[in-house]
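Here is the structure we will look at, set down as structure tokens.
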Amino acid sequence: MEFQGKTAISTGAASGMGLLFAQNWADLGGNVVMCDVNEEALKTFAEEINSKKKGKAIGVACDVRDYFQVCAARDRAVKIFGSIDIMCNFAGGTAVRMQKVDHTQYPEFPDVPIDVYDWGIDVNLKGPFYFAHAVLKQMREQKSGLIINIGSITGQEGDGYGMDYPTSKAGLMFGLTKSIAQYGSKYGIRCVCVSPGPVLTRAAMANMKTLLGRAAEPQEIIDLILFIASDKGQSINGENIMIDGGRNAAGRRC
Ligand SMILES: NC(=O)c1ccc[n+]([C@@H]2O[C@H](COP(=O)([O-])OP(=O)(O)OC[C@H]3O[C@@H](n4cnc5c(N)ncnc54)[C@H](O)[C@@H]3O)[C@@H](O)[C@H]2O)c1
């Protein structure tokens, strides 16, 4: 696979899979705009990528909840690299975990302050929606592009406590991805949702069951995305692809 001269935007790029994607993309010769709220980490990782002298990276502080910051990130990408060939929406996570909500203080869903869930819906759902709106303008002009949304097994299963997360992820897996594909096809633009089961960006994910008896390595998720972006993946469009060790197929067996 080779992505020489192609430009990616990766959100959540200061950590986990967003970072790993950026590193892989640049290793394969592509340019990458790394977006995150963690400016310091972005700077360090972008420098690290640039020191390898393969693809180029820039770090752009961007809160995906803010449409103006999203548009500014798109404009930086186009100004510096000239195109946006792939947009990957990695920024996300369950609000109760990301915001360190104390389960004992707020034991059930209606007890958790609503602004916690607002954050979750804004980052996980509105962020990718905002980025779609922003980058599709550019991709329409180019008459090409690929948008990757990141769903989750939880979007399929639900979660009676962290409800923002499955609600948002299901929105990406079944609504936004198909809708972008429907709009984009006449301009040669594809959209695919990649929905992992447990991934070892955190050790705790090893406790989640799958039919294979293991969580995925982050690289396995990135490899799938790179395949979708490559010449061999060009027919994949408008679909949600689970990559979950068979957890979704397991029913009660897990
Ligand atoms: N790890 C898993 O087991 C798993 C499973 C299914 C789906 N996912 C999804 O994959 C994606 C990446 O997961 P990960 O475990 O690699 O994530 P991570 O927790 O390692 O990284 C998330 C990044 O998002 C950034 N971020 C948070 N709020 C932001 C905002 N408002 N604007 C911009 N950036 C923001 C954080 O700073 C962080 O760098 C997420 O969408 C997650 O929901 C993960």
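The values are calculated or read from the model by the stated rules, or taken from the named source; none is laboratory data. Worth saying up front: this structure is predicted, and the values here are computed from it rather than measured. A quick note on method: Cβ atoms are made from the backbone with ideal geometry, for glycine too, and the neighbour counts reach across all protein chains shown.
Return yes when Met1 is part of a strand (DSSP E or B), of a type outside the set (Ser, Thr, Tyr) and more than 10 Å from the ligand (Cβ to nearest atom) and no when it is not.
Details: part of a strand (DSSP E or B): no; of a type outside the set (Ser, Thr, Tyr): yes; more than 10 Å from the ligand (Cβ to nearest atom): yes.
Considered against the rule, which asks whether it is part of a strand (DSSP E or B), of a type outside the set (Ser, Thr, Tyr) and more than 10 Å from the ligand (Cβ to nearest atom), Met1 comes out as no.
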When the residues of the range 64-75 are narrowed to those that are buried (at least 17 other Cβ atoms within 10 Å of the Cβ) and away from the ligand (no atom under 13 Å from the Cβ), which ends up nearest to Ala14 (Cα to Cα)? Arg74
By residue number, the members of the range 21-40 that are touching a Leu at 6+ places or on another chain (Cβ under 9 Å), outside any strand (DSSP E or B) and over 11 Å from Thr7 (Cβ atoms) are Phe21, Asn24, Leu28
I'd like to know if the range 53-63 contains one or more residues that are at pLDDT 95 or above, closer than 16 Å to Lys137 by Cβ, within 13 Å of the ligand (Cβ to nearest atom) and surrounded by fewer than 21 Cβ atoms within 10 Å (Cβ to Cβ). no
In contact (Cβ under 8 Å) with a residue 12 or more places away in the chain, in contact with a Leu (Cβ under 7 Å, 6 or more places away or on another chain), farther than 14 Å from Asn124 by Cα and within 16 Å of the ligand (Cβ to nearest atom): which single residue out of Pro196, Pro218 fits that description? Pro218
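For the condition within 19 Å of Val64 (Cβ to Cβ) and of a type in the set (Lys, Arg), what is the one hit in Lys137, Lys186, Lys178, Lys209? It would help to see each step written out before you state the result.
On the way: Lys186 fails: within 19 Å of Val64 (Cβ to Cβ); Lys178 fails: within 19 Å of Val64 (Cβ to Cβ); Lys209 fails: within 19 Å of Val64 (Cβ to Cβ).
Only one candidate qualifies: Lys137.
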Would you please list the contacts, defined by Cβ atoms under 8 Å and residues six or more apart or on different chains, that run from a residue in the range 99-110 that is under 13 Å from Gly160 (Cβ atoms) to a residue that is polar (S, T, N, Q)? none
Filter the range 69-118 down to the residues that are assigned to a loop (DSSP other than H, G, I, E, B) and among the aromatic types (Phe, Trp, Tyr) and list them by number. Phe90, Tyr106
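Quick one: how many residues across the range 25-36 are within 29 Å of Leu125 (Cβ to Cβ) and either away from the ligand (no atom under 13 Å from the Cβ) or surrounded by fewer than 18 Cβ atoms within 10 Å (Cβ to Cβ) (or both)?
So the first thing to find is which residues in the range 25-36 are within 29 Å of Leu125 (Cβ to Cβ), and the list is 25-26, 30-36.
Filter once more, so that each one left must be either away from the ligand (no atom under 13 Å from the Cβ) or surrounded by fewer than 18 Cβ atoms within 10 Å (Cβ to Cβ) (or both): 25-26, 30-32.
Going through the range 25-36 one residue at a time, the tally reaches 5.
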Checked Gly171, Gly238, Gly158, Gly184 against criteria (more than 11 Å from the ligand (Cβ to nearest atom) and loosely packed, with under 15 Cβ neighbours inside 10 Å); the one match is Gly158
Conditions: (1) touching a residue at least 60 places away in the same chain (Cβ under 8 Å); (2) in a loop (DSSP other than H, G, I, E, B). Gly160 meets all but one. Number of the miss? (1)
